[in-house]
Amino acid sequence: MVLDFPISKHYYIKDGVVIADINQVKGEDETKRLEKKFGKNRVVFVKTDIADIESFENAFKVTIRHFGNIDILINNAGICNDSIWEKEIDINLKGTVNGMLLGLEKYLKQFKQGNEAVILNTSSVCLIETMSVWPVYVSTKFGILGLTKEWGNDVHYDRTKVKVVAICPGPTYTSISTDLGPGVINQEYEDILASILEELTNRIQSSDFVAKEAIKVIEQAPNGSLWIIEETKEAYQFILPSKI
């Protein structure tokens, strides 16, 4: 299944956007860039540690105070560094769980403007590939698949009117891709890593392309569905096999 509808020319969040990130310098720089394009008071930055649920909740509270509503949560933060796997699990998996609990059970459910809100989780195309050198990273992305399928069940949608979907991007030019290097468990993984990085570099896509396809997913994808975005192809649905 391919999403074959046009991309919306308008943001779902009509009033603005909140950037929640632990990197204050990059967050403030991005805020200034977006303000130049969309105007003052349309963009807010909140320094946030998503692995800390109180810090994450503060970002939601700032959003409500500033805009009065929240309709979309892009539940997207992560690192790829198995040499610090405990932190990797805290950010990639625990951070996503925190976003789901705060968004689904509280803020999007209570403060959406219309009849439906959306949570977009970010998994990875590594779900259907073998990376060999980042077993913990890949495991966290499999975990996000499980979170999306379970919370993207109609039982939860019927009581919250919050749709939960996920994108699974292929190699994408972001801070994660530019920081890839020796972040593996031990030295024995280095030779494997070198060959993998070369192959991934040849397939890398822009974050702008992923964002455009993600907008399609937000607009039209069914609750609980998973969408692969790779090699500048249109997003296509990843369907788990039935047990029967």
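Read-outs throughout are calculated quantities, based only on the coordinates presented, and are distinct from any laboratory measurement. This is a predicted model, so every value here is computed, not measured. Every residue, glycine as well, gets a Cβ built from its backbone with ideal geometry; the counts of neighbours run over all protein chains shown.
Data table
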{"read-out": "Most mobile listed residue (Phe38, Phe60, Phe209) in the chain, GNM with C-alpha springs under 10 Å", "value": "Phe38"}
{"read-out": "Region 209-222 - phi-based ³J(HN,Hα) in whole Hz, Karplus 6.51/-1.76/1.60, Gly and Pro as x", "value": "5, 4, 4, 5, 5, 5, 4, 4, 4, 4, 6, 10, 5, x"}
{"read-out": "Mean-position separation - Cα centroids, region 31-61 and region 79-140, in angstrom", "value": "18 Å"}
{"read-out": "Mean projected area (nm²) of the alpha-carbon convex hull when the chain is viewed from all directions", "value": "13.7 nm²"}
{"read-out": "Residue with peak Gaussian network fluctuation, the chain [Cα springs, cutoff 10 Å], from Gln113, Gln205, Gln220", "value": "Gln220"}
{"read-out": "CD proxy at 222 nm, helix term only [per DSSP H run n ≥ 4: -39500 (n - 2.57); per residue of the chain; nearest 500]", "value": "-12500 deg cm²/dmol"}
{"read-out": "About the Cα centre, charge dipole magnitude for region 17-238 (Lys/Arg +1, Asp/Glu -1 at Cβ), debye", "value": "1280 debye"}
{"read-out": "Per-residue HN-Hα couplings for region 89-95 [Karplus 6.51, -1.76, 1.60; θ = phi - 60°; Hz; x = Gly/Pro]", "value": "5, 4, 6, 5, 9, 4, x"}
{"read-out": "Packing rank of 63-71, 99-107, where each peptide gets the mean count of other beta carbons within 10 Å, highest leading", "value": "99-107, 63-71"}
{"read-out": "Amide proton proximity set for Asn121, modelled H, under 5 Å, gap of 5+", "value": "Asn75, Val165, Ala166, Ile167"}
{"read-out": "Environment charge at Glu35 (Cβ cut-off 12 Å; Lys +1, Arg +1, Asp -1, Glu -1)", "value": "+3"}
{"read-out": "Cleavage-rule hits, trypsin sites (Lys or Arg not before Pro), region 141-235, DSSP coil, Cβ neighbours within 10 Å at most 13", "value": "Arg203, Lys233"}
{"read-out": "Of Ile72, Ile50, Ser207, farthest towards positive along the dipole that unit charges on Lys, Arg, Asp, Glu beta carbons give the chain", "value": "Ile72"}
{"read-out": "Hz values of 3J(HN,Hα) by residue in region 41-46 - Karplus curve (6.51, -1.76, 1.60), Gly and Pro given as x", "value": "6, 8, 9, 10, 9, 10"}
{"read-out": "Residues with amide H under 5 Å from that of Asp49, placed H, sequence gap 5 or more", "value": "Phe56"}
{"read-out": "Local net charge near Ile64, Cβ-Cβ under 14 Å (Lys/Arg +1, Asp/Glu -1)", "value": "+2"}
{"read-out": "Amide hydrogen neighbours beyond the local backbone of Arg42, cut-off 5 Å, H modeled", "value": "none"}
{"read-out": "Cβ-defined net charge surrounding Ile50, 14 Å radius [Lys, Arg +1; Asp, Glu -1]", "value": "-4"}
